[in-house]
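What follows is one structure encoded as structure tokens, with my remarks underneath.
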Amino acid sequence: MHGPSRRDLFANAATALAGVGLAHLLAPAARAAEKAHHAAKAKRVLHVFCPGAASHIDLWDHKPELAKRAGQPLPGEEKLVSFQGANGGLFPSPWKFAPAGQSGKVLSTMLPHMAQHADDIAFVHSMTSKTNTHGPGCVFMNTGHAVEGFPSAGAWASYALGAERADLPAFVALPDVRGEPPNGKANWSNGFLPAAHQGIVMSAQEPVRNLTPPKGTSAEEQRAAVDLLNALNGAHAATDPGNSELRARIAAYELAGKMQLSAPEVTDLSKEPQKVHDRYGTGDANKLKAAYAKNCLLARRLLARGVRYVSLYCASRASGVDGLLNWDAHKTLKADYERHVPIFDQPTAALLSDLKQSGLLNDTLVIWTTEFGRMPTQQAGTPGRDHNPDGFTCWLMGAGVKGGTSHGTTDEFGRRAATDPTTVWDFYATVLHLLGFDHTRLTWRHNGLDRRLTDVHGHVLKKLLA
């Protein structure tokens, strides 16, 4: 019997090295960055995002003074020129507002289903943004920075918390059937964090891209191909440990293999009882509403199975016609919102009810955001509203949140934040606090700086904490 040849020894050593490298590289993707800084109230986050700058003064922030002074110039800004030009007189909401819940929170009557959750929601009425442009505004609201290249909040949560399960991603983005939001994938990017923390894009219409093996390929052949790729990549990665893209690619092969078993189950909405589908509206005659409802139901199934952060989008990027595909109601506010609000209201409220009834809301934080607000005046010559980054509404609900409360106010017209002006950094400092992390200590060294989700700003909104 002859011993192994020199060539065999080198080949086996390379394979062993690849295995060691692979095991070392894969482990961090499923592991938390560090122990929590304090006791967490929330284990996961549902982030509902309405692209297009959903109007606070037509949904959440009642301003009766607009009706009293309809058509009059905005005091102190009579000749205001905003994002798309000159502004006309004060423009009251076309819809009535009414008290909701025991708290008596006054909300638009366009939101009858969401109004049922008024006592569980903590509203932030004094949000502000650094930009009045949709793309940078969406990126700013998702990453804390108005330029691309920074990690999204979901990526930070993935990095901080790690994956709860090895066969599902930590961070999932669910774009609307109408398309991606302004600036697309930058909204769920990993930025400079390791690439394993970027959002995995899914939807009820397309559960996971490129997951199904080619026809005629057996499970054994698929596994052998993955093993070979991992061995080759692991050997190369061992010589280049700083290459996070390669590490993410290796982890993606492993995750994809596991998701071939887990994803079909989690995305199979047919397993849900018909009464659940009816409650969400997945069979609605409005195909856009039905599609969003299916994404809401998928979001609940993902959260229930351990996904740490789900970004759920209602609407997409701007189109050639303002307000057609998202909430950007420059010219025809009434028609636009009578199209968008019914898509949003019932399915979102059903999702929140499901989380509450199942007990998931006890340790799930729900946040609702949009990139900025709308002007209290008419855009000159149209029955619509221009962009307003100086005062708008976002809200929180669920784990650790004091429901039925409000933080900050805009002025009597809804034009600017008047009391307790709040930034995106304050908002995410609060989110991280509820997840168990001090936002000033959750950092990543990049280009000589300790970068964080909240940049160099941010204070926890303690009044909203239960």
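Every number here is computed from the coordinates shown, using simple stated rules; none is lab data. Note that this is a predicted model, so its numbers are computed, not measured. Methodologically, a virtual Cβ is constructed for each residue, glycine included, from the backbone with ideal geometry; neighbour enumeration extends over all protein chains shown.
Compared with the dominant principal axis of the Cα atoms in the chain, helix 424-434 is inclined by about 60°. Dipole magnitude for the chain: about 400 debye, using +1 per Lys or Arg Cβ and -1 per Asp or Glu Cβ, origin at the Cα centre.
Let's test the formula: R0 of 51 Å, r as the Cβ-Cβ distance of Ala380 and Ala98. What FRET efficiency results, to the nearest 0.05? Intermediate results must be reported in sequence, preceding the final value.
Values: r = 31 Å, r/R0 = 0.60.
E between Ala380 and Ala98, to the nearest 0.05, is 0.95.
Does segment 93-194 classify as rounded, prolate or oblate by the C-alpha gyration tensor (a ≥ b ≥ c root eigenvalues; a/c under 1.5 gives rounded; else a/b over b/c gives prolate, otherwise oblate)?
Numbers: a/c = 2.29, a/b = 1.64, b/c = 1.40.
It is prolate, given that a/c is not under 1.5 and a/b is the larger ratio.
Could you tell me which of rounded, prolate or oblate describes segment 88-138, using a ≥ b ≥ c as the square roots of the eigenvalues of the alpha-carbon gyration tensor, with rounded for a/c under 1.5 and, failing that, prolate when a/b is larger than b/c and oblate otherwise? Write out the running numbers ahead of the final one.
Numbers: a/c = 2.48, a/b = 1.49, b/c = 1.67.
Oblate shape, in that a/c is at least 1.5 and b/c is the bigger or equal ratio.
Multiply the residue gap between Ala304 and Lys215 by 0.36 nm, knock off their C-alpha separation, and tell me the result in nm, one decimal place.
Working: separation 89, 0.36 × 89 = 32.04 nm, distance 3.16 nm.
Between Ala304 and Lys215, full extension yields 28.9 nm more.
Projecting the Cα atoms of Pro151, Ala299, Leu325 onto the charge dipole of the chain (Cβ charges, centred on the Cα centre) puts Ala299 farthest toward the positive pole. Please compare each pair in Lys79/Lys463; Lys294/Lys334; Lys35/Lys463; Lys43/Lys289 to a cut-off of 32 Å on the Cα-Cα distance and tell me which ones are over it. Listed pairs above 32 Å: Lys79/Lys463. Available extension along the chain between Lys334 and Ala224 is 33.8 nm, counting 0.36 nm per residue and deducting the alpha carbon span.
Packing around the peptides 279-287, 380-388, 71-79, 304-312, taken as the average count of other Cβ atoms within 10 Å per residue, puts them in this order, highest first: 304-312, 380-388, 279-287, 71-79. The distance between label points at Lys275 and Asp363 comes to 2.7 nm (points 7 Å beyond Cα on the Cα→Cβ vector). Sequentially through segment 331-336, phi angles give Karplus couplings (6.51, -1.76, 1.60; θ = phi - 60°) of 10, 9, 4, 4, 5, 5 Hz, Gly and Pro residues having no value and appearing as x.
The modelled label-to-label distance for the pair Leu465/Lys68, using points 7 Å beyond Cα in the direction of Cβ, is 3.7 nm. Since only His56, Thr454, Ala418 are under comparison, the one whose Cα sits farthest along the positive direction of the charge dipole of the chain, derived from C-beta charges on Lys, Arg, Asp and Glu, is Thr454.
Helix-derived [θ] at 222 nm for the chain: sum -39500 (n - 2.57) over DSSP H runs of at least 4, divide by residue count, nearest 500? Walk me through the intermediate numbers first.
On the way: 11 runs with 155 residues, N = 466.
Calculated mean residue ellipticity at 222 nm is -10500 deg cm²/dmol.
If I fit a long axis through the Cα atoms of helix 287-304 and take the longest principal axis of the Cα atoms of the chain, what angle between them do I get, 0 to 90°, rounded to 10? Rounded to the nearest ten degrees, it is 50. Measure nothing but the geometry: give the 0 to 90° angle between the long axis through the Cα atoms of 6-26 and the longest principal axis through the Cα atoms of the chain, rounded to 10°. Helix 6-26 and the main axis of the chain meet at about 20 degrees.
A Förster radius of 51 Å, combined with the Cβ-Cβ distance separating Lys402 from Glu78, puts the computed FRET efficiency at roughly 0.80. A straight line joining the Cα centroids of segment 403-464 and segment 68-106 runs 26 Å.
The DSSP beta bridges internal to the chain are antiparallel in roughly 55% of cases. Can you tell me how the chain classifies by the Cα gyration tensor, rounded, prolate or oblate, using a/c under 1.5 as the rounded cut? Cα axes put the chain in the prolate bin. Put a dot 7 Å past the Cα of Asn286, heading toward its Cβ, do the same for Ala418, and the two dots end up 3.2 nm apart.
Taking packing as the residue-averaged number of other Cβ atoms within 10 angstrom, the listed peptides 414-420, 216-222 run from highest to lowest as 414-420, 216-222.
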